[in-house]
Amino acid sequence: MRRWWPPSPVSSLPAPALRLGLFGGTFDPVHRGHLEAARQVKEALDLDRMLLMVANDPWQKDGGVVASAEDRLAMVTAACVDCPGLEPGRMEIDRGGVTYTVDTVDELLEANPGARIYLVVGADVVSQLPTWGGAERLSHLVTVAVINRPGAEIGPVPPGWNVEVVEVEPLDISSTGVRERLRTGGEVDGLLPPPVVRLLEERPLYAANR
Ligand code: ATP
Ligand code: MG
């Protein structure tokens with residue numbers, strides 16, 4: 001017969017599901033807009049972990065990618081050193097080839113059975129979700145955390161996706177804008193975290209004459 005008193009020890013209770021943030025991007029380069037948004041989403045949704053997952057080959061990227069995947073990862077890794085709670089993700093680089101987020105989610109769920117995955121996307125990205133590889137399956141595997149972004153309207157939210165909007169402090173920064181400033185010798189303080197500024201001083205990945 002089941003014992004009703006004293007209550008069963010806490011250790012016999014099922015562990016709560018891991019709450020995992022997956023913030024994917026090209027991060028070419030990673031900037032303060034990414035880092036601040038990741039930090040705020042982690043806090044707002046009370047996530048256990050927040051991964052900044054560097055896309056190996058983002059096939060939908062207009063205009064292509066400038067820095068190599070390893071250099072983009074090096075920038076994200078350097079940035080995360082100063083941001084407790086944010087972790088660089090190299091899974092998509094290790095897998096190689098064209099990047100599909102659904103494959104990353106499969107890997108994360110295999111390594112963390114029962115985890116609840118929050119896929120973080122900016123307002124400019126949410127309407128494109130149905131065009132992603134394996135979109136239908138992905139829509140059943142994740143909750144999408146949509147963050148506001150200056151100049152981008154949130155929506156329309158595609159049907160069939162479980163979406164939560166997380167309001168973050170708006171920072172009008174884009175990697176395209178940062179690359180342009182670096183190319184023309186403009187000031188990037190305030191746009192990039194100091195470790196990334198230092199890394200780019202050593203490796204001028206976005207200089208005009210590369
Ligand atoms: P690019 O100009 O090269 O497209 P980006 O700044 O948009 O670069 P990405 O790597 O394309 O950066 O974006 C990764 C994710 O971060 C996307 O979901 C994007 O919407 C989001 N994001 C990027 N910048 C911001 C920002 N300033 N505020 C909120 N979300 C952002
Ligand atoms: Mg972008």
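The values are calculated or read from the model by the stated rules, or taken from the named source; none is laboratory data. In this text, all values refer to a predicted model and were calculated from it rather than measured experimentally. Ideal geometry is used to build each Cβ from the backbone, glycine not excepted, and the neighbour counts take in all protein chains shown. Note: areas computed on protein heavy atoms with side chains; ligands, DNA, RNA excluded. Shrake-Rupley method; radii C 1.70, N 1.55, O 1.52, S 1.80 Å.
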Worksheet item: Cα-Cα pairs above 25 Å in region 17-202: how many percent?
Response: 30
Worksheet, complete the sentence: So, relative contact order of the chain in percent, Cα under 8 Å, 6 or more apart, is 24
Worksheet item: Using alpha-carbon positions, what is the distance between the centroids of region 138-210 and region 71-116, in Å?
Response: 17
Worksheet item: How far is it, in nm, from the label point at GLU43 to the one at ALA152 when both lie 7 Å from their Cα along the line to the Cβ?
Response: 2.1
Worksheet item: If you roll a 1.4 Å probe over the heavy atoms of the protein chains, what accessible area per residue do you get for the chain, in Å²?
Response: 54
Item to complete: Determine the dipole magnitude for region 64-190: charges of +1 sit on the beta-carbon of Lys and Arg, -1 on that of Asp and Glu, nothing else is charged, the reference point is the Cα centre, and the result goes in debye to the nearest 20.
Response: 220
Worksheet item: Which whole-Hz ³J(HN,Hα) couplings does region 190-201 yield from phi under the Karplus relation 6.51 cos²θ - 1.76 cosθ + 1.60, θ = phi - 60°, glycine and proline marked x?
Response: x, 9, 10, x, x, x, 6, 4, 5, 4, 6, 5
Worksheet item: What 222 nm value per residue comes from the helices of the chain, counting each DSSP H run with n ≥ 4 as -39,500 (n - 2.57) and dividing by all residues, nearest 500 deg cm²/dmol?
Response: -9000 deg cm²/dmol
Worksheet entry | Heavy atoms of LYS61 accessible to a 1.4 Å probe, total area in Å² rounded to 10 | 90
Worksheet item: Sorted by accessible area with a 1.4 angstrom probe, largest first, how do TRP161, TRP59 fall?
Response: TRP59, TRP161
Worksheet item: Once amide H atoms are placed 1.01 Å from N in the peptide plane, what residues at a sequence separation of 5 or more from ALA123, or on another chain, have their amide H within under 5 Å of its amide H?
Response: ILE147, ARG149
Discussion item. Leaving out ligands, DNA and RNA, and with a 1.4 Å probe, what % of the accessible surface on the chain is carbon or sulfur?
Written reply: 52
